[in-house]
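Accompanying notes for the structure given below.
The values are calculated or read from the model by the stated rules, or taken from the named source; none is laboratory data. Quantities reported herein were computed from a predicted structural model and do not represent experimental measurements. Using ideal geometry, Cβ is built from the backbone for each residue, glycine included, and neighbour counts are taken over all protein chains shown.
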Amino acid sequence: MNFTFVTLFENLVSSYFDDSILKRAIEAKILSVAFYNPRDYAKNRFSKVDDYQAGGGAGLLLMPQPMFDALETIKQEDVDAYFVFASPVGKPFKQIDAKRLAQKKSIVFVCGRYEGIDERVVETYADEIFSIGDYVLTGGELASLVMCDSISRNIKGVLGNEESLQEESFEEGLLEAPSFSKPANYNDKVVPSEFLKGNHAKITSLKNEMSKMKTKYFRPDLFARIETRH
């Protein structure tokens, strides 16, 4: 999988790949990461990439020319490029989207700044538009990194133990059950005794019940949907 970030601030993104799981995936050539800066495509004297909004309004927009030229260059160079925009107006990004997008060969995250991106750019190039929550960020870099991380975990070979994906939150519509490590008793707080007996069928059953209780408490909206299906 190749991830490309279109951003004015490469350093905000690139450092995330310098450690841990994603760094190892890049070293193993499972993932690759590239960057394009719209400023490199600006044709004005001062490499200006933003301008005032037509019709008035507070704040500046990333204007079309540098964005069009940057994205068209990517499209010409990478026939598999799938353009993803991060925006508060997009549909909520979910685990099912992460798993689906993990099947792509190349994803391009287009990161807005200031008051956003000229709508003509979005209409021309966006294959999908996602929101990671009902709030506003300073730019699209953080949202793009969130999606990139989530997608990466679902790519074969990225995680050391792929079985862990099967027990993660949202895989069955439920939140993941509580997890415990050793020691079994710490400051008089103990691990559920069934976890220590080695009966995997009973442990699985208990985890399933705990997962339901956790979902009902923390995400009653999810739990209601599951109850409706049953």
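Structure data summary
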read-out	value
Qualifying residue in region 13-22 (condition: of a type in the set (S, T, Y) and surrounded by 14 or more Cβ atoms within 10 Å (Cβ to Cβ))	yes
Any hit, region 37-50, residues being modelled with pLDDT of 90 or more and touching a strand residue (DSSP E or B) at 6+ places or on another chain (Cβ under 9 Å)	yes
Verdict on Y16 being touching a residue at least 24 places away in the same chain (Cβ under 8 Å) and within 16 Å of the chain's Cα centre (by Cα)	yes
Tabulated pairs, region 44-66, first in contact (Cβ under 8 Å) with a residue 60 or more places away in the chain, second of a type in the set (S, T, Y), C-beta under 6 angstrom, 6+ apart or interchain	D50/Y114
Answer residue from region 129-149, given it is among the polar types (S, T, N, Q) and surrounded by fewer than 21 Cβ atoms within 10 Å (Cβ to Cβ) and is modelled with the lowest pLDDT among those	T138
Pairs, first crowded, with 16+ Cβ neighbours inside 10 Å in region 194-223, second of a type in the set (S, T, N, Q), C-beta under 8 Å, six or more apart	L222/T215; F223/T215
Members of region 83-101 found to be in contact with a strand residue (DSSP E or B) (Cβ under 8 Å, 6 or more places away or on another chain) and over 21 Å from F5 (Cβ atoms), listed by number	P92
Considering residues of region 102-119 that are of a type in the set (A, V, I, L, M) and touching a strand residue (DSSP E or B) at 6+ places or on another chain (Cβ under 6 Å) only, the residue surrounded by the fewest Cβ atoms within 10 Å (Cβ to Cβ)	I107
Lone unmet requirement of (1) part of a helix (DSSP H, G or I); (2) of a type in the set (S, T, Y); (3) at pLDDT below 85 for S205	(3)
Condition met for Q76 (more than 16 Å from S144 (Cα to Cα), surrounded by 15 or more Cβ atoms within 10 Å (Cβ to Cβ) and out of contact with any helix residue (DSSP H, G or I) (no Cβ under 6 Å at 6 or more places or on another chain))	no
Qualifying residue in region 65-88 (condition: of a type in the set (S, T, N, Q), within 15 Å of the chain's Cα centre (by Cα) and within 24 Å of V158 (Cα to Cα))	no
Total residues in region 1-12, condition surrounded by fewer than 17 Cβ atoms within 10 Å (Cβ to Cβ) and closer than 17 Å to S106 by Cα	1
Residue in region 14-21 that is in contact with a helix residue (DSSP H, G or I) (Cβ under 7 Å, 6 or more places away or on another chain), under 29 Å from S152 (Cα atoms) and modelled with pLDDT of 95 or more present	yes
